[in-house]
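Peer 1: The structure follows.
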Amino acid sequence: LGWERAYNTINQANAIINNYHNADGVVPETELNSYAAQAHFIRAFTYFWLVRFFNNIPLITTAFVPDVNKEVTCSKAADVYKLIISDLQFAEQWLPITWTGFKKTGGAATRGAAKSVLVKVYLQMAGFPVNGGNEFYAKARDKAKEIIDNADTYGYTLRDHFWQVWDPYWKA
């Protein structure tokens, strides 16, 4: 059931990613790209969840029609991670730092979220199954430093004490 839901989510993200340019001229490009960036973020996050649990998985980047696309093969985890990084880099570029309006309270992804997930992806790629080693540890370090150095911008900060992570009343 989790597998089916994950690929339904990916399929919906693929539909947006592959078709959002059809709204060119109707919606301003920056707004259009910020909406597409959400789809890239969601697809990357879903693939990241899947590849960590199952390793080699089907990598589908177009709208999938079960009756038409009957043959699906597994892709190597390294190829899935390449798409994840590409999606997160697009999201990092086009997602807003904060949302206004209805998305402000709705939990839409932000630029800081894309950067934070990218840190986790790099850390994961340093070890199994990609075994990227020091190169990916360095990328994770640099991206995390970028987030920490811009804590006021992205709204993420380190805590002074570990218990603050679970304290619902603690404010930065």
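Peer 1: I need the shape label for region 131-172. Rule: rounded when a/c is under 1.5, else prolate if a/b > b/c, else oblate, with a, b, c from the alpha carbon gyration tensor.
Peer 2: In terms of gyration-tensor shape, oblate.
Peer 1: With log10 I(q)/I(0) by the Debye sum over Cα atoms at q = 0.10, 0.14, 0.20 Å⁻¹ in mind, check [x] -0.56, -0.84, -1.22; [y] -0.38, -0.70, -1.32; [z] -0.45, -0.85, -1.38 and report the label derived from this structure.
Peer 2: [z]
Peer 1: Another question about this same structure. Where does each of D160, D142 land when they are ordered by accessible area, with a 1.4 Å probe and the largest first?
Peer 2: The ordering from most to least exposed comes out as D160, D142.
Peer 1: At a Förster distance of 41 Å, what's the computed FRET efficiency of A15 paired with D167, Cβ-Cβ distance as r, to 0.05?
Peer 2: With R0 = 41 Å, the Cβ-Cβ based efficiency is 0.50.
Peer 1: What does the accessible area of F53 come to, in Å² to the nearest 10, when a probe of 1.4 Å is used?
Peer 2: 130 Å²
Peer 1: Let me ask you something else. Pop the C-beta distance of T30 and E146 into the FRET formula with R0 = 25 Å and round what comes out to the nearest 0.05.
Peer 2: Calculated transfer efficiency: 0.70.
Peer 1: Label 7 Å along Cα→Cβ of F53; region 1-28 residues with amide nitrogen under 14 Å?
Peer 2: 1-10
Peer 1: Among D149, D87, what's the order by accessible area (1.4 angstrom probe), most exposed first?
Peer 2: The ordering from most to least exposed comes out as D149, D87.
Peer 1: What is the chain's relative contact order, in percent, from Cα pairs under 8 angstrom and six or more apart in sequence?
Peer 2: 18 percent
The values are calculated or read from the model by the stated rules, or taken from the named source; none is laboratory data. All of these numbers come straight from a predicted model, not from anything done at the bench. Backbone-built Cβ (ideal geometry, glycine too); neighbour counts: all protein chains shown. With ligands, DNA and RNA removed, areas are computed over all heavy atoms of the protein, side chains included. Shrake-Rupley method; radii C 1.70, N 1.55, O 1.52, S 1.80 Å.
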